[in-house]
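A.B. asks: Structure in structure tokens, see below.
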Amino acid sequence: MAEINTMAAIEVIPSGDALGAEVRGVDFARPVPDEVRDRIVQIWAEHLVLLFRGLSLDDDQLLATAGLFGGQQAAKSRDFFIQAGVKPGDNDRVATRPGISIISNVDSQGKAGVAAEADRSLSLKWHSDNSYVEVPPTGSLLHAHVVPVNGGGETSFSNQYLAYENLPDDLKAEIEGKHCVHDDHRNTSAKLRPTKQPPKSRHDITGPKHPLVRVHPVTGKRALYLGRHYEWPSSYIVELCDEDSEALLARLWDAATRDAFNWTHDDWRAGDLLMWDNRCTMHARSPVDHSQARVMHRTLIKGDPVISAWEKAGAVAE
Ligand code: OGA
Ligand code: MN
């Protein structure tokens with residue numbers, strides 16, 4: 001390409017589905033002028049998930065990319081491993097740089113197919129990153145280093161503006177003013193995190209309380225914000241009893257992940273960078289063929305306090 005990181009070089013190719021677009025003409029390894037950054041923010045607000053291809057970013061460049069969009073935020077999952085005695089740099093569950101998470105299925109020697117690492121090839125359930133912290137990250141950047149060949153690990157995204165807009169009116173009315181506690185006990189493969197015990201009732205569920213619907217600060221639109229949900233006892237609606245909470249969440253989860261709202265990145269290549277918005281999308285991953293290596297480096301874009309759809313304009317968000 002003749003030009004890179006100029007307004008003229010930017011090309012947007014929508015996925016054709018409910019969200020997602022490839023953006024060409026951008027390389028985050030090179031200086032990004034403010035006007036180009038601002039244009040990417042605009043394209044991001046329009047398409048929710050952006051795919052940049054053919055990049056080769058080291059961890060510092062990945063962190064610098066997060067810096068363009070608001071800064072980095074360390075993943076909370078890191079703390080659970082550190083509490084369990086893992087030291088930064090011991091293994092790739094706790095990378096040396098706090099802002100980097102290595103999402104991989106290989107052992108510390110880079111070897112694929114090791115039985116002890118098999119859980120890391122499991123599917124990942126629908127979720128929004130780090131929704132189990134008080135101030136969740138605005139977005140995430142996932143950069144592919146090694147990808148399997150026809151080996152699964154496809155990443156799907158779901159448009160949560162559409163999920164909210166398309167709720168039947170009675171369901172919209174039912175969730176008005178309600179909040180959910182986002183369960184921090186399990187990872188997105190539904191496995192207990194280190195140091196966590198299986199919860200026995202809602203009283204054992206720890207995690208922040210978020211509104212079921214949030215307002216996106218850039219677009220001003222409402223999005224359903226379900227975050228994560230596992231087998232009971234898990235995330236629950238604080239205003240409802242256990243049974244009613246489970247029933248309402250089941251209806252909402254059904255509505256939130258309909259095929260019509262989704263796009264799947266099903267042809268990962270090394271060098272791909274996906275940038276998604278955790279405020280208005282959820283994502284999930286199909287299982288990976290454990291005999292093949294899959295190594296991605298991720299950084300979270302620093303969040304701002306969640307804006308509740310239930311607060312009047314001008315009121316302090318919770
Ligand atoms: C993540 C995640 C999906 C994938 O890194 O937050 O959900 O495809 N990863 O590995
Ligand atoms: Mn995730």
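The values are calculated or read from the model by the stated rules, or taken from the named source; none is laboratory data. As the structure is a computational prediction, the values presented were derived from the model and not from experiment. Ideal geometry is used to build each Cβ from the backbone, glycine not excepted, and the neighbour counts take in all protein chains shown.
A.B. asks: When both residues are 6+ apart or on different chains and their Cβ atoms are under 6 Å apart, which pairs have a first residue that lies in the range 90-106 and is in contact (Cβ under 8 Å) with a residue 12 or more places away in the chain and under 15 Å from PHE80 (Cβ atoms), and a second that is part of a loop (DSSP other than H, G, I, E, B) and not aliphatic (A, V, I, L, M)?
C.D. replies: ASN91/SER108; VAL94/PRO88
A.B. asks: Right, another one. Hey, among the residues in the range 35-92 that are aliphatic (A, V, I, L, M) and in contact with a Pro (Cβ under 6 Å, 6 or more places away or on another chain), which one's farthest from VAL146 (Cα to Cα)? Lay out the reasoning, then the answer.
C.D. replies: Within the range 35-92, the first condition is being aliphatic (A, V, I, L, M), and the residues that meet it are 36, 40-41, 43, 45, 48-51, 55, 57, 62-64, 66, 68, 74-75, 82, 84, 86.
Checking which are in contact with a Pro (Cβ under 6 Å, 6 or more places away or on another chain) leaves us with 74, 84.
On the way: ALA74: 23, ALA84: 28 Å.
Taking the candidates together, the pick is ALA84.
A.B. asks: Here's something else I'd like to know. Any chance you could count how many residues in the range 94-148 are polar (S, T, N, Q) and at positive phi?
C.D. replies: Our first condition is that a residue be polar (S, T, N, Q); within the range 94-148, this holds for 96, 101, 104-105, 108-109, 121, 123, 128, 130-131, 138, 140.
Then keep just the ones that are at positive phi; that gives 130.
Of the residues in that region, 1 qualify.
A.B. asks: For a quick check of your reading of the model, give me the residue pairs whose first member lies in the range 137-162 and is part of a loop (DSSP other than H, G, I, E, B), whose second is modelled with pLDDT of 95 or more and hydroxyl-bearing (Ser, Thr, Tyr), with beta-carbon atoms closer than 6 Å and at least 6 apart or on different chains.
C.D. replies: GLU154/THR264; GLU154/SER286
A.B. asks: Checking ASP169 against (1) free of Cβ contacts under 8 Å to residues at least 24 places away in the same chain; (2) in contact with a Phe, Trp or Tyr (Cβ under 9 Å, 6 or more places away or on another chain); (3) closer than 22 Å to THR281 by Cα, only one condition comes out false. Which one?
C.D. replies: Every condition holds for ASP169 apart from (2).
A.B. asks: If a residue has to be touching a residue at least 24 places away in the same chain (Cβ under 8 Å), among the charged types (D, E, K, R) and within 16 Å of GLY177 (Cβ to Cβ) to count, how many in the range 219-261 make the cut?
C.D. replies: Here the count works out to 2.
A.B. asks: Within the range 260-285, which residues are exposed (fewer than 15 other Cβ atoms within 10 Å of the Cβ) and under 18 Å from the mean Cα position of the chain (by Cα)?
C.D. replies: Selection gives ASP266 alone.
A.B. asks: How many residues, within the range 107-133, are closer than 15 Å to ARG298 by Cβ and more than 16 Å from ligand 2 (Cβ to nearest atom)?
C.D. replies: The initial filter retains those residues of the range 107-133 that are closer than 15 Å to ARG298 by Cβ, namely 120, 124, 127-130.
Checking the rest, the ones that are also more than 16 Å from ligand 2 (Cβ to nearest atom) come to none.
Number of matching residues: 0.
A.B. asks: Can you tell me which residue is surrounded by the most Cβ atoms within 10 Å (Cβ to Cβ) among those in the range 67-89 that are of a type outside the set (A, V, I, L, M, F, W, C) and over 23 Å from HIS185 (Cβ atoms)?
C.D. replies: Narrowing the range 67-89 to residues of a type outside the set (A, V, I, L, M, F, W, C): 67, 70-73, 76-79, 83, 85, 87-89.
So of that shortlist, the ones also over 23 Å from HIS185 (Cβ atoms) come out as 67, 70-72, 87-89.
Details: GLY67: 14, GLY70: 15, GLY71: 16, GLN72: 22, LYS87: 10, PRO88: 13, GLY89: 10.
Filtering the range 67-89 for residues that are of a type outside the set (A, V, I, L, M, F, W, C) and over 23 Å from HIS185 (Cβ atoms), the one surrounded by the most Cβ atoms within 10 Å (Cβ to Cβ) comes out as GLN72.
A.B. asks: May I pose another question? Restricting attention to the range 163-184, and to residues there that are touching a Ser or Thr at 6+ places or on another chain (Cβ under 7 Å) and assigned to a loop (DSSP other than H, G, I, E, B), which single residue is nearest to ILE103 (Cα to Cα)? Spell out how you get there, then give the answer.
C.D. replies: So in the range 163-184, the residues touching a Ser or Thr at 6+ places or on another chain (Cβ under 7 Å) come out as 180-184.
From what's left, assigned to a loop (DSSP other than H, G, I, E, B): 182-184.
Values: HIS182: 22, ASP183: 21, ASP184: 18 Å.
Filtering the range 163-184 for residues that are touching a Ser or Thr at 6+ places or on another chain (Cβ under 7 Å) and assigned to a loop (DSSP other than H, G, I, E, B), the one nearest to ILE103 (Cα to Cα) comes out as ASP184.
A.B. asks: So, restricting to strands (runs of 3 or more DSSP E) that lie completely within the range 217-318, which ones have at least 3 residues that are under 21 Å from SER158 (Cα atoms) and within 16 Å of ligand 1 (Cβ to nearest atom)?
C.D. replies: Values: elements: 222-224, 262-265, 273-277, 281-285, 295-301.
The qualifying strands (runs of 3 or more DSSP E) are 262-265, 273-277, 281-285, 295-301.
A.B. asks: What number of residues in the range 190-222 are aliphatic (A, V, I, L, M) and more than 15 Å from PRO305 (Cα to Cα)?
C.D. replies: Residues of the range 190-222 that are aliphatic (A, V, I, L, M), as a first pass: 190, 192, 205, 212-213, 215, 218.
Narrowing the set further to residues that are more than 15 Å from PRO305 (Cα to Cα) leaves 190, 192, 205.
Of the residues in that region, 3 qualify.
A.B. asks: Something else: Filter the range 134-158 for residues that are among the polar types (S, T, N, Q) and within 16 Å of ligand 2 (Cβ to nearest atom); which is surrounded by the most Cβ atoms within 10 Å (Cβ to Cβ)?
C.D. replies: Step one: list which residues in the range 134-158 are among the polar types (S, T, N, Q), which gives 138, 140, 150, 155-156, 158.
Within this subset, residues satisfying the condition of being within 16 Å of ligand 2 (Cβ to nearest atom) are 138, 140, 155-156, 158.
Numbers: THR138: 23, SER140: 24, THR155: 21, SER156: 19, SER158: 28.
For the range 134-158, the residue satisfying everything is SER158.
A.B. asks: Hey, could you check the range 44-66 for residues that are surrounded by fewer than 18 Cβ atoms within 10 Å (Cβ to Cβ) and within 15 Å of ASP277 (Cα to Cα) and say which is farthest from the chain's Cα centre (by Cα)? Let's see the steps before the verdict.
C.D. replies: Going through the range 44-66, the residues surrounded by fewer than 18 Cβ atoms within 10 Å (Cβ to Cβ) turn out to be 45-46, 53-54, 56, 58-61, 64.
Now narrow it down to the ones that are within 15 Å of ASP277 (Cα to Cα): 45-46.
Numbers: ALA45: 15, GLU46: 17 Å.
Among them, the one singled out is GLU46.
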